[in-house]
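The values are calculated or read from the model by the stated rules, or taken from the named source; none is laboratory data. Since we're looking at a predicted model, the values are computed, not measured. Note that each Cβ is placed from the backbone with ideal geometry, even for glycine, and that neighbours are counted across all protein chains shown. Ligands, DNA and RNA are excluded from the accessible area calculation, which covers all protein heavy atoms including side chains. Shrake-Rupley method; radii C 1.70, N 1.55, O 1.52, S 1.80 Å.
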Amino acid sequence: MLKSFKFLSFLFLFFIGMQAHAQGEQTSSNPNDAPKVVVSIKPLYSLTYELMKGVGEPVLLLKGAADPHHFSLRPSHVKLMKESDLIIWIGPMLEQFMVKTIATKKKRDLPLMSTKGLNLLHRQDSHGCILEKACVDPKARKKDDSLLYLKDYTTIDPHIWLDVHNVILMVQEIGLNLAAIDLKNSKIYRDNTQALVKKLIAFKHRLDHKAASLKHFHFISFHDAYAYLEHQYKLKNSAAETVKGHEKPGLKAYSKIRELIKKRNIRCILVDPQHPSALEQTLAKEFKMSLYSADPLGITIQEGPQHYFILMNSLIQTFKDCQNKKNPKKSHNH
């Protein structure tokens, strides 16, 4: 009798233990238990998606052809940000539309522009203050003001993901923040971070080799977004010498661009589908130049883990095609 009772007790405890174990496994893989992470743009979403693999998926704010330069948050976006555990963005220099919501909701956010060790490039002769706080005398700033709101900081080119070195540091920073808000899955984030960093290092070697022929290549683009590629691979956007950001060139700037085209024998123009300029067609017709479509955000590339790698390969290939004048985009709708 005693032996039967002990055997039944053992079976009961064994059953309970197995059930608890099964529930534990179900909980750890249940996406509903994953932290709610909101990411601003596709390149960052691509990286964060990889880091959260095995835990859950982040939510992308700017889907499709949405442009951070002209984007406005909808109530649904504000709700997502309000209910999130972590918001990942570049910073107010790019996603100015997020500043107010982040400040008022006081949610945990990660402005990747503030990542330590980044290669940051200042726009030459920049005089714009993107935020009201940025125009305040630095001496009058409060001690708790973020570095992001310094006046000098607003002159930095925010397209930092176009440098793979920067992306490696950003990935490590995202991984640390994910682990901080989700301790039970910290090992997964750590393993995913190591794997992605290793992948990025190998990718950078291949990209550098592919871009080697671009050294000293001159092109025209009226979207001054390629400073990081220019710096790494020693190529030159001649339009950036006269046109800053999204400014429309005046007569003086237009005259200077025409002179540079003739002096440097520039044969192609990169057209950003989000920021077209009528001058592109005018110059192309006058100097018989070719037009090529290029976009630093990759709006036409499907969101997901491969987005960043496809984007960077595509940009370098476009520069190479532009250099060799292969299969140009003959016309664009402006």
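Scanning the range 69-89 for residues that are among the basic types (K, R) and assigned to a helix (DSSP H, G or I) gives K79, K82.
To keep it simple, each residue is scored yes or no on (1) of a type outside the set (V, I, T); (2) at pLDDT 95 or above; (3) more than 27 Å from H209 (Cβ to Cβ); (4) in contact with a strand residue (DSSP E or B) (Cβ under 8 Å, 6 or more places away or on another chain).
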residue: D137; (1), (2), (3), (4): yes, no, yes, no
residue: A140; (1), (2), (3), (4): yes, no, yes, no
residue: K143; (1), (2), (3), (4): yes, no, yes, no
residue: L147; (1), (2), (3), (4): yes, no, yes, no
residue: Y153; (1), (2), (3), (4): yes, no, yes, no
residue: W161; (1), (2), (3), (4): yes, yes, no, no
residue: H165; (1), (2), (3), (4): yes, yes, no, no
residue: I168; (1), (2), (3), (4): no, yes, no, no
residue: V171; (1), (2), (3), (4): no, yes, no, no
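Within the range 108-126, restricting attention to residues that are touching a strand residue (DSSP E or B) at 6+ places or on another chain (Cβ under 8 Å) and open to solvent by 60 Å² or more (accessible area, probe 1.4 Å), the residue that is modelled with the highest pLDDT is R108.
Within the range 90-107, the set of residues being assigned to a loop (DSSP other than H, G, I, E, B) and in contact with a strand residue (DSSP E or B) (Cβ under 8 Å, 6 or more places away or on another chain) comprises I90, G91, P92, M93, E95, K107.
This table checks each residue for (1) farther than 19 Å from L297 by Cβ; (2) modelled with pLDDT of 95 or more; (3) touching a Lys or Arg at 6+ places or on another chain (Cβ under 8 Å).
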{"position": "I156", "(1), (2), (3)": "no, no, yes"}
{"position": "L176", "(1), (2), (3)": "yes, yes, no"}
{"position": "L183", "(1), (2), (3)": "yes, yes, no"}
{"position": "L200", "(1), (2), (3)": "no, yes, no"}
{"position": "R206", "(1), (2), (3)": "yes, yes, no"}
{"position": "N237", "(1), (2), (3)": "no, no, no"}
{"position": "K263", "(1), (2), (3)": "yes, no, no"}
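Taking (1) within 23 Å of P58 (Cβ to Cβ); (2) open to solvent by 50 Å² or more (accessible area, probe 1.4 Å); (3) touching a residue at least 40 places away in the same chain (Cβ under 8 Å) in turn, V167 satisfies each apart from (2).
A search for C-beta distances below 8 Å between a residue of the range 54-69 that is modelled with pLDDT under 90 and open to solvent by less than 20 Å² (accessible area, probe 1.4 Å) and any residue that is not in a loop (DSSP other than H, G, I, E, B) and not polar (S, T, N, Q), counting only pairs 6+ apart in sequence or on different chains, returns P68/F97. Being assigned to a helix (DSSP H, G or I), open to solvent by 40 Å² or more (accessible area, probe 1.4 Å) and touching a Gly at 6+ places or on another chain (Cβ under 9 Å) is the requirement here; does D191 meet it? Here the answer is yes, as D191 does meet what is asked. Among the residues of the range 170-188, write down those that are in contact (Cβ under 8 Å) with a residue 60 or more places away in the chain, open to solvent by less than 40 Å² (accessible area, probe 1.4 Å) and among the hydrophobic types (A, V, I, L, M, F, W, C). Answer for the range 170-188, where residues must be in contact (Cβ under 8 Å) with a residue 60 or more places away in the chain, open to solvent by less than 40 Å² (accessible area, probe 1.4 Å) and among the hydrophobic types (A, V, I, L, M, F, W, C): M170, V171, I174, L178. Give me the residue from the range 78-100 that is open to solvent by less than 20 Å² (accessible area, probe 1.4 Å) and of a type in the set (V, I, T) and, out of that set, nearest to P68 (Cα to Cα). Among residues in the range 78-100 that are open to solvent by less than 20 Å² (accessible area, probe 1.4 Å) and of a type in the set (V, I, T), the one nearest to P68 (Cα to Cα) is I90.
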